[in-house]
Amino acid sequence: MEDKEKRLREKILGLVREYYAFHAAAGEFVPQRTRIPYGGRVYDGEELAALVDSSLDFWLTLGERGREFSGRLAKYLGRDHCLLVNSGSSANLLAFAALCSPTLDNPIKPGDEVITVAAGFPTTVNPVIQYGCVPVFVDIDPHTLNVDASLLEPALSSKTRAVMIAHMAGNPFEVESVLSFVEKHGLYLVEDNCDALGSRYQGRLTGSFGHLATQSFYASHHITMGSGGAVLTDNPELHRILVSLRDWGRDCFCGPGEDNRCGKRFSGRHGSLPAGFDHKYVYSQLGYNLQPLDLQAAIGLVQMDKLESFIKIRRENHQVLGEAASLVPWLRVQQATPRSEPSWFGLVLTLAGDAPVDRRCVLEYLEEKNIQTRLVFAGNIIRQPAYRGVKYRVAGKLTNTDLVMERTFFIGVYPGIDRARRDYMAVVLSGLKNLSC
Ligand SMILES: Cc1ncc(COP(=O)(O)O)c(C=O)c1O
């Protein structure tokens, strides 16, 4: 970079940081009046500067920053490969699509079954349906809100090919039992780690266990790039398929703007295509275009630097707010899975059967106090309108899943909740014991 360009850039980035500092100084927390969201972007002048810096390059499509971010995430999770995509939902779609690819030896086929849970986020389950397979729903444990691993074996059939589940709200599922089930029956495990970056099970990071694992970088997640996601695997063949599926289905693995990385652009032979057909236009998968932008990766890189501090704050907030909620005799706090250290997505609370008030009353009270509430995603997914007419199987009963649909909600623990906000939230939470509607 030339001196003048460098100086101009530094000047611009300095102004961006100054702008952020000016902007940040404007907001002050006023109890009851300032809204406390369940999650959101936590950033400072460095993310803004990184975004503007990247925009000055105007490369836009995935490039150097994308490569660096993928490398750092793969290293953090101890995985061989990481593919960046434009959302966690796209990551789940591609993870499952890869397992259905005809270029894979013994791919998952339409009609095959995939064991999952109905209490969760829809796009953990949707790819199974979208690829013509049958989700098999098992119930969850009422304390951890994760899959009840003792129900996996009874849910097995000759058509079962995979387990695809998320770590609920950052709380690791019982990885040991799930892995031993999967290994015993030669199944795939797709580990949806979208809500759980930084969680550990037996000391090891979640997202490092599944044949495929997915991440989301949506604004409310542990780190953000606005919208974004990633698929991680140690299997080079699956990674190759994932790259192709993300990038239009093409066979060629040149990056944007690259022309002949394989050195065989015009000399290959591909099925019945004319000899020497340009490798850039050979399609070996039924693909999509699910790429994020390098601008997003620029933000993600700065967020990565903050990940450990974000996780620490999430844990502290969960601890303090969980203790406050425990003072309410009819509220149950989601329990950490034994031998796990969750990197919590939120504080998930369930009204006990003998609660003197109903959930709606609690939610309206908290919202009135300007504490944002959310339900635990789809509740029981099979009761959602979109799933009418969808082919699925329920193994056993979904009793605890229905409880989540009817009695559970969550509030935030994200790093935007500072000491003042947390103290206020704790007072409001413990005050719920006197609530009457
Ligand atoms: C468990 C889980 N999986 C997948 C997703 C989808 O991620 P995204 O919003 O990035 O598409 C979410 C969304 O929050 C989620 O909670």
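The values are calculated or read from the model by the stated rules, or taken from the named source; none is laboratory data. Treat the numbers as computed from the prediction; the structure is a model and nothing was measured. Every residue, glycine among them, receives a Cβ derived from its backbone with ideal geometry; neighbour counts consider all protein chains shown.
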For this session: Go through region 388-410 and give me each residue that's free of Cβ contacts under 8 Å to residues at least 24 places away in the same chain and either touching a Leu at 6+ places or on another chain (Cβ under 9 Å) or not charged (D, E, K, R) (or both).
Result: GLY389
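Listed residues ALA50, ALA74, ALA21; which is modelled with pLDDT under 95 and not hydroxyl-bearing (Ser, Thr, Tyr)? First the steps, then the outcome.
Numbers: ALA50 fails: modelled with pLDDT under 95; ALA74 fails: modelled with pLDDT under 95.
Going through ALA50, ALA74, ALA21 in turn, the sole match is ALA21.
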Exercise. Do we find a residue being in a loop (DSSP other than H, G, I, E, B), within 27 Å of the chain's Cα centre (by Cα) and β-branched (Val, Ile, Thr) anywhere in region 272-288?
Worked result: no
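Please state which one of SER216, SER208 is within 16 Å of the ligand (Cβ to nearest atom) and closer than 30 Å to VAL413 by Cβ.
SER216
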Exercise. Name the pairs whose Cβ atoms lie under 9 Å apart, with the first residue in region 12-31 and in a helix (DSSP H, G or I), the second of a type in the set (S, T, N, Q) and at pLDDT 95 or above, and 6 or more positions between them or separate chains?
Worked result: none
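What is the residue count in region 128-154 for residues that are hydrophobic (A, V, I, L, M, F, W, C), assigned to a loop (DSSP other than H, G, I, E, B) and free of Cβ contacts under 8 Å to residues at least 40 places away in the same chain?
Taking region 128-154 first, the residues hydrophobic (A, V, I, L, M, F, W, C) are 128-129, 133-134, 136-138, 140, 145, 147, 149, 151-152.
In the following step, the residues that additionally are assigned to a loop (DSSP other than H, G, I, E, B) were identified as 133, 145.
The next check asks that each one be free of Cβ contacts under 8 Å to residues at least 40 places away in the same chain; those that pass are 133.
Looking only at that region, the number is 1.
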Problem set entry | Check on ALA386, loosely packed, with under 13 Cβ neighbours inside 10 Å, within 16 Å of the ligand (Cβ to nearest atom) and not assigned by TED's automatic domain parsing to the domain that holds THR144 | yes
For this session: Would you point out the residue of region 219-263, among those that are hydroxyl-bearing (Ser, Thr, Tyr) and within 16 Å of the ligand (Cβ to nearest atom), that is farthest from LEU295 (Cα to Cα)?
Result: SER220
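Of all residues in region 72-115, which are within 11 Å of the ligand (Cβ to nearest atom) and part of a strand (DSSP E or B)?
If we filter region 72-115 for residues that are within 11 Å of the ligand (Cβ to nearest atom), which is where we start, we get 85-93, 95.
Matches in region 72-115: VAL85 only.
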For this session: Please find, among VAL302, VAL390, the residue that is among the aliphatic types (A, V, I, L, M) and within 19 Å of the chain's Cα centre (by Cα).
Result: VAL302
